[in-house]
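One structure below.
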Amino acid sequence: QVQLVESGGGLVQPGGSLRLSCAASGSIFRFYVMGWYRQAPGKQREWVARISSGGSTTYADSVKGRFTISRDNAKNTVYLQMSSLKPEDTAVYSCNYGNPPLGSWGQGTQVTVSS
């Protein structure tokens, strides 16, 4: 079972940036597609971005052009660089592996965009 630990969230003003990290346990990390997801209060979890084992990326329309997903297989870590943040980006952000997601959901990291 791969364990996932997210970090890097916080409070940021609209237009600001944050970089989230997701550290995964296990040597099989590099074989899996990795994804970022988010859940806003009162809403269902939604997919945000995905990166294949080979580095191909896809994004939800709502974040395209503002967010960048990347991975470092040597560090078993996937990142989400978020720029031009909007209040509607406020949510708990979580990562997972596989498509559809295969792992248990961790606590995630809270991102709050507010002035």
Using the Kirkwood radius over Cα pairs, work out the Stokes-Einstein diffusion coefficient for the chain at 4 °C and 1.567 mPa s, in µm²/s as a whole number.
-> 93 µm²/s
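Where does the charge balance sit around Val63 when Lys and Arg score +1, Asp and Glu -1, over other residues with C-beta under 13 Å from its C-beta? If you can, show how the numbers build up before the last one.
Values: positive: Arg38, Arg50, Lys64, Arg66, Lys86; negative: Glu46, Asp61, Glu88, Asp89.
Value of the local net charge: +1.
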If the cut-off is 21 Å between C-alpha atoms, which lysines fall inside it for Lys64, apart from same-chain ones fewer than 8 positions away?
-> Lys43, Lys86
Identify, among Trp105, Ser53, Gly9, the residue whose Cα sits farthest towards the positive end of the charge dipole of the chain, taking +1 on the Cβ of Lys and Arg and -1 on the Cβ of Asp and Glu, with the dipole about the Cα centre.
-> Ser53
Which aspartates and glutamates does Lys75 reach when only Cα atoms under 20 Å apart count, and residues fewer than 8 places away in its own chain are ignored?
-> Glu6
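FYI, it's all coordinate maths here, none of it is from the lab. If you're wondering where the values come from, they're calculated on a predicted model, not measured in any experiment. Cβ: placed from backbone, ideal geometry, glycine included. Neighbour counts: every protein chain shown.
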